[in-house]
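Worksheet: one structure, shown below.
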Amino acid sequence: MKAAIVNEFKQKLEVKEIPVPTLEYGEILVKIKACGVCHTDLHAAHGDWPVKPKLPLVPGHEGVGEVVKVAEGVTSIKIGDIVGIPWLYSACGECEYCLTGRETLCHDQLNAGYSVDGGYAEYCKAPANYVVKVPSGVDLAEISPIFCAGVTTYKALKVSEAKPGDWVAIYGIGGLGHVALQYAKAMGFNVIAVDIQDDKLDLASELGADLTINGLKCDPIQEIKDKVGGVQSAISVAVTKKAFEQAYGSVKRGGTLVVVGLPNDELPIPIFDTVLNGVSVKGSIVGTRKDLQEAVQFAAEGKVKTNISTEPLDNINEVFERMEKGQINGRVVLTLE
Ligand SMILES: NC(=O)c1ccc[n+]([C@@H]2O[C@H](COP(=O)([O-])OP(=O)(O)OC[C@H]3O[C@@H](n4cnc5c(N)ncnc54)[C@H](O)[C@@H]3O)[C@@H](O)[C@H]2O)c1
Ligand SMILES: CCCCCCO
Ligand SMILES: [Zn+2]
Ligand SMILES: [Zn+2]
């Protein structure tokens, strides 16, 4: 099968023929139709983070497609089902986290497109118990980004504990941020979109943002204080440290910063201000299978619409170059025949 392979960090991916995965007990084989390109895939290809991915690696954790084979032990999925293979590829199912609805914190989890091969390929295998079904009648390229960008930002908004009517700021209106603001609106929040590129902010306005701020043209902290007195929650899904510092400074007393974006950097948090203002800082990683089912349902009902452009798998290196330059508005989705 055709696949895009990371052989070495910071080198171009190689698109070549590799064997179709063989199934083990409880696994399914999915013919991938579409796979969104998450900035995490670029971090993986660059070896940006302290925990490195396997090499060689087939990236991709927004892969969706048709089940073409099921192994012994599979009961929940059948041939012909349409499913997605998310970041949470598998977990142990037995630890304190798996037993309390926090499987994304499982120490024994595997991650698609990072610790095991993912969706940048014609076929991808996965444990049947950790894929999530796609409702019928849904466009596969459009639903693909929900399998990471969607579930991650939906979960982050839940983690923020904002209430309907609260002001919420989304820093970084890229693949994650452009769906984050839609989930926020659907959940009843007032939304401020912050980015450093006007085309992203134009998209944010089209998608329903109540206020947009270009962080290069003014100080978002001051602007947010002047306009709404600070936000109850700030969700940072940007890729540079500056956004996280600004997001922290935007949060009003008793509010929450949810850290989602993953520049390999530090976030200096002022101790005195954090205590005096009773500010919470929470990390949030993807979402559980249940969160994903809910996030998919929002999209299937038209409450969230991904802004996508499609590219063939062969163009992945050009797509990564554009992503690195911040030239992708919304999400690029790789399509496979
Ligand atoms: N925690 C998780 O579970 C999780 C899940 C998915 C992605 N991520 C991470 O989230 C980050 C974003 O992913 P993506 O696919 O949306 O990336 P993207 O490249 O599509 O979007 C990043 C956005 O950040 C904006 N940005 C950059 N600097 C900024 C600044 N100073 N202020 C405001 N905006 C700024 C860019 O203009 C762009 O719009 C990545 O680091 C990715 O690894 C984390
Ligand atoms: C810690 C890495 C989290 C990445 C989630 C999928 O983009
Ligand atoms: Zn991702
Ligand atoms: Zn576990």
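The values are calculated or read from the model by the stated rules, or taken from the named source; none is laboratory data. The structure presented is a predicted model; accordingly, all values stated were derived computationally and were not measured. Neighbour counts run over all protein chains shown; Cβ positions are idealised from the backbone, glycine included.
Remarks
- Residue-level analysis places Val319 outside the set of residues that are touching a residue at least 12 places away in the same chain (Cβ under 8 Å), assigned by TED's automatic domain parsing to the domain that holds Asp166 and closer than 21 Å to Gly172 by Cα.
- Scope the stretch 239-273; condition without any contact (Cβ under 8 Å) to a residue 12 or more places away in the chain and charged (D, E, K, R); matching residues: Asp273
- Residues of the stretch 55-93 classified as surrounded by 19 or more Cβ atoms within 10 Å (Cβ to Cβ), small (Gly, Ala, Ser) and more than 16 Å from ligand 2 (Cβ to nearest atom), total: 1
- Test result for Ile328, among the hydrophobic types (A, V, I, L, M, F, W, C) and either assigned to a helix (DSSP H, G or I) or not assigned by TED's automatic domain parsing to the domain that holds Thr212 (or both): yes
- In the set (1) out of contact with any His (no Cβ under 7 Å at 6 or more places or on another chain); (2) among the β-branched types (Val, Ile, Thr); (3) within 16 Å of ligand 2 (Cβ to nearest atom), Ile213 fails one condition alone, (3).
- The lone exception for Gly101 - which of (1) away from ligand 2 (no atom under 16 Å from the Cβ); (2) touching a Lys or Arg at 6+ places or on another chain (Cβ under 9 Å); (3) at negative phi it fails: (3)
- Checking Ala141, Ala126 one by one, the residue that is more than 16 Å from ligand 4 (Cβ to nearest atom), outside any helix (DSSP H, G or I) and at pLDDT 95 or above is Ala126 and no other.
- Flag if Lys155 is charged (D, E, K, R), outside the structural domain of His61 (by TED's automatic domain parsing), modelled with pLDDT of 95 or more and within 16 Å of ligand 3 (Cβ to nearest atom): yes
- Those residues of the stretch 19-50 which are hydroxyl-bearing (Ser, Thr, Tyr) and surrounded by 17 or more Cβ atoms within 10 Å (Cβ to Cβ), in sequence order: Thr40
- Test: residue in the stretch 64-77 that is in contact with a Pro (Cβ under 8 Å, 6 or more places away or on another chain) and within 15 Å of ligand 3 (Cβ to nearest atom): no
- Of the helices (runs of 4 or more DSSP H) lying entirely inside the stretch 165-237, the ones with 2 or more residues being touching a residue at least 60 places away in the same chain (Cβ under 8 Å), touching a Leu at 6+ places or on another chain (Cβ under 9 Å) and not assigned by TED's automatic domain parsing to the domain that holds His43 are found at 177-186.
- Subset of the stretch 20-58 that is within 15 Å of Tyr123 (Cβ to Cβ) and under 19 Å from the mean Cα position of the chain (by Cα) - its residue that is farthest from ligand 3 (Cβ to nearest atom): Lys33
- Look at (1) assigned to a helix (DSSP H, G or I); (2) closer than 20 Å to Tyr183 by Cβ and you find that Ile316 fails only one, number (2).
- Subset tally (residues that are over 22 Å from Leu140 (Cα atoms) and hydrophobic (A, V, I, L, M, F, W, C)) for the stretch 278-329: 3
- Residue list for the stretch 116-141, restricted to those being surrounded by 18 or more Cβ atoms within 10 Å (Cβ to Cβ) and of a type in the set (Ser, Thr, Tyr): Tyr120, Tyr123, Tyr130
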